[in-house]
Amino acid sequence: MQVESKLFGPFRDDAGAEDVGGEYDPGTTVGELLRELEADYPSLEGRIVDPDSDGTVGSTVVSVNEKNITHLDGLATELEASDVVRIVPSVYGG
């Protein structure tokens, strides 16, 4: 299934791309997607997913279809085809 992922602010700058979506298996979770992004873009490693907790690093905001994952199932939120995941450092304004 196709999932669109968008990076903002320093994450976008460090990865060298804004749109980093891809093809994922049904049942893929937000956490799995984020860990894959960290592996694909070494400059992001350890900056999105907190390895010591079940959440994101600091105040990083991750949303699925404009809903903050903290109001869903967190990193365990299952993705569906055509979902849009946004990854935003909280200090980045618009």
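The values are calculated or read from the model by the stated rules, or taken from the named source; none is laboratory data. Computed from a prediction, not measured in an experiment: that's the story for all the values here. Reconstructed Cβ throughout: ideal geometry from the backbone, glycine too, with neighbour counts over all protein chains shown.
At a glance:
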item	result
Residues within the range 52-78 that are under 15 Å from Ser90 (Cβ atoms) and outside any helix (DSSP H, G or I), tallied	10
Answer residue from the range 31-51, given it is outside any helix (DSSP H, G or I) and under 13 Å from Leu75 (Cβ atoms) and is modelled with the lowest pLDDT among those	Pro51
Inter-residue pairs, beta-carbon under 7 Å, first free of Cβ contacts under 8 Å to residues at least 40 places away in the same chain and in the range 6-19, second among the polar types (S, T, N, Q), 6+ apart	Asp14/Ser43; Ala15/Ser43
Residue, surrounded by the most Cβ atoms within 10 Å (Cβ to Cβ), within the range 54-72, restricted to residues that are among the small types (Gly, Ala, Ser) and modelled with pLDDT under 95	Gly55
Considering residues of the range 8-21 that are surrounded by 14 or more Cβ atoms within 10 Å (Cβ to Cβ) and not aliphatic (A, V, I, L, M) only, the residue modelled with the lowest pLDDT	Gly21
Top-ranked residue of the range 78-94 - restricted to ones that are more than 16 Å from Tyr24 (Cβ to Cβ) and either among the aromatic types (Phe, Trp, Tyr) or exposed (fewer than 12 other Cβ atoms within 10 Å of the Cβ) (or both), ranked as modelled with the highest pLDDT	Ser90
Hits in the range 37-72 (condition: under 21 Å from Asp14 (Cβ atoms) and hydroxyl-bearing (Ser, Thr, Tyr))	Tyr41, Ser43, Thr56, Ser59, Thr60, Ser63
Options Leu34, Leu75: the member that is in contact with a strand residue (DSSP E or B) (Cβ under 9 Å, 6 or more places away or on another chain), buried (at least 17 other Cβ atoms within 10 Å of the Cβ) and under 19 Å from Gly9 (Cβ atoms)	Leu34
